[in-house]
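Q: After the structure tokens below, expect a handful of questions from me.
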Amino acid sequence: MIEAKDVSLKYPDGTLALNNVNISINKGELVYITGPSGSGKTSFLKLIMGIEYPTSGSLRVLGQNIEQKEESQIRKMRRSIGPVFQEFRLIKGRTALENVIDGLRIIGFSPRRLKEEAELALDKVGLKHKAKSLVENLSWGEAQRVSIARAVARKPSLILADEPTGNLDYENAVKILNLLASFRNENTAVVITTHATHLIEGFKDATFLRVASGIITKDGGERL
Ligand SMILES: Nc1ncnc2c1ncn2[C@@H]1O[C@H](COP(=O)(O)OP(=O)(O)O)[C@@H](O)[C@H]1O
Ligand SMILES: [Mg+2]
């Protein structure tokens, strides 16, 4: 579902954020991407979402070529991706439930199913009791769960979570990683970035990738 061949991303200022990456990620796979701050983790997720385009190489995501001239197709493809952004991107002045509903509405869910699916998603992240709270009144961890509910409500083929463990203490960070991993199934792949390598030690049944200065390696050190 993700096929990167010799993909590089160079920003206009000359920063080489990803350097000749060759990766394939399969349907239903769980992938952890670790690497220090500034190594290229977010850039990789941006490429997968078609927010940035490769400056060289070819990238296919969910059957779609990620290149500038495919912009309108990429927009459609994004409906099958559930993104959990580092900064959540929730809409202030709206409740938790409304935020999840809005996330479904913009991808064209039938009005009849909006509320029901949004409530179900909030329940899955353990936040049913906060459905009517304004998002600005939620704690950081609660807002994050709303953002996860919004991502999973659309039943995406691919969930992308960027540094979901950001501000959390060890115990809550592990809980969030487990929650995200729980949405992985045969139809849904989950890709999670984190700079906190120690948090994912001991996790099993997953693919571990490491990024350093734009170069991605497998767990064993083999360059991809
Ligand atoms: N829009 C941009 N323009 C120029 N450089 C950028 C941009 N976004 C990120 N970078 C640079 O690309 C490199 C990788 O950044 P990023 O992918 O955000 O790393 P990470 O998510 O691992 O912290 C860093 O050197 C960063 O400063
Ligand atoms: Mg980042």
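Values in this text are rule-based calculations from the coordinates and carry no lab data. If you're wondering where the values come from, they're calculated on a predicted model, not measured in any experiment. All Cβ positions, even for glycine, are placed from backbone atoms using ideal geometry, and neighbour counts span all protein chains on display.
Q: Over 20 Å between Cα atoms, which of K76/K218; K76/K128; K124/K155; K27/K155 qualify?
A: On the way: K76/K218 31 Å; K76/K128 29 Å; K124/K155 12 Å; K27/K155 14 Å.
Violating the 20 Å Cα-Cα cut-off are K76/K218; K76/K128.
Q: Another question, then. Cα gyration tensor of segment 8-83, axes a ≥ b ≥ c as square roots of the eigenvalues: rounded (a/c below 1.5), prolate (a/b > b/c) or oblate?
A: Details: a/c = 1.77, a/b = 1.17, b/c = 1.52.
Note, shape of segment 8-83 comes out oblate.
Q: Report the relative contact order of segment 1-115, percent, no decimals, based on alpha-carbon pairs under 8 angstrom and at least 6 residues apart. Spell out each step's value before the answer.
A: Working: 132 pairs, mean separation 25.8, N = 115.
Value for segment 1-115: 22 percent.
Q: Determine the equivalent ellipsoid of the chain by diagonalising the alpha-carbon gyration tensor, then write out the semi-axes as square roots of 5 times the eigenvalues, largest first, rounded to whole Å.
A: On the way: eigenvalues 162, 84, 48 Å².
Equivalent ellipsoid of the chain: 28, 21, 16 Å, largest first.
Q: For segment 143-224, what does the relative contact order come out to in percent, with C-alpha contacts under 8 Å and a separation of six or more? Mind dumping the intermediate values first?
A: Details: 71 pairs, mean separation 20.0, N = 82.
So the answer I get is 24 percent.
Q: Relative contact order for the chain: what is it in percent, counting Cα pairs under 8 Å that are at least 6 residues apart?
A: Numbers: 431 pairs, mean separation 66.2, N = 224.
Answer for the chain is 30 percent.
Q: For a quick check: sort T197, T207, T34 by the number of other beta carbons within 10 angstrom, fewest at the front.
A: Details: T197 13, T207 16, T34 21.
Fewest-to-most ranking of T197, T207, T34: T197, T207, T34.
Q: Okay, moving on. Between their Cα atoms, which of K130/K204; K46/K69; K92/K115; K46/K130 are more than 26 Å away from each other?
A: Details: K130/K204 32 Å; K46/K69 17 Å; K92/K115 19 Å; K46/K130 30 Å.
Where the Cα-Cα span goes over 26 Å, the pairs concerned are K130/K204; K46/K130.
Q: Helix 170-181: angle to the longest alpha-carbon principal axis of the chain, degrees 0 to 90, nearest 10?
A: With both axes taken from Cα atoms, the answer is about 90 degrees.
Q: Between helix 111-124 and the chain, what is the angle of the helix's C-alpha long axis to the longest principal axis, kept within 0 to 90° and rounded to the nearest 10?
A: Orientation of helix 111-124: about 80 degrees from the principal axis.
Q: Further question: Return the loop-located trypsin sites (Lys or Arg not before Pro) in segment 148-224 (DSSP other than H, G, I, E, B) with at most 12 other Cβ atoms within 10 Å of their own Cβ; answer none if there are none. Working shown, then result.
A: Details: sites: R150, R154, K175, R184, K204, R210, K218, R223; in loops: R154, R184, K204.
Here the sparse-neighbourhood loop sites are K204.
Q: Let me ask something else. Under a cut-off of 17 Å between alpha-carbon atoms, report the aspartates and glutamates in cross-link reach of K41, not counting same-chain residues fewer than 8 places apart.
A: Candidates past the 8-residue exclusion: E3, D6, E52, E87, D162, E163, D219.
Q: Now for a different question. Separation of segment 20-73 and segment 163-224 by C-alpha centroid, Å?
A: 16 Å
Q: Where does helix 140-153 land angle-wise versus the long Cα axis of the chain, in degrees 0 to 90, nearest 10?
A: Approximately 80 degrees, to the nearest 10.
Q: With loop defined by DSSP as not H, G, I, E or B, and exposure as at most 16 other Cβ atoms within 10 Å, which is the longest segment of the chain clear of exposed GluC sites (Glu not before Pro)? Display every interim value, and only then the final one.
A: Details: sites that count: E67, E87, E186, E201, E222.
That gives 88-185 as the longest site-free run.
Q: Could you work out how much longer the chain between A212 and R94 gets when fully extended? Use 0.36 nm per residue separation minus the Cα distance between them, nm to one decimal.
A: Residue separation times 0.36 nm, minus the Cα-Cα distance, leaves 38.6 nm.
Q: List the trypsin sites (Lys or Arg not before Pro) within segment 13-67 that DSSP assigns to loop and that have no more than 10 neighbouring Cβ atoms inside 10 Å. List each step's numbers first, then the result.
A: Numbers: sites: K27, K41, K46, R60; in loops: K27.
Taking segment 13-67 and a limit of 10 other Cβ atoms within 10 Å, no loop trypsin sites (Lys or Arg not before Pro) are found.
Q: I would also like to ask the following. Towards the positive end of the charge dipole of the chain, with charges on Cβ (+1 Lys, Arg; -1 Asp, Glu), say which of I192, S157, I216 has the farthest Cα.
A: S157
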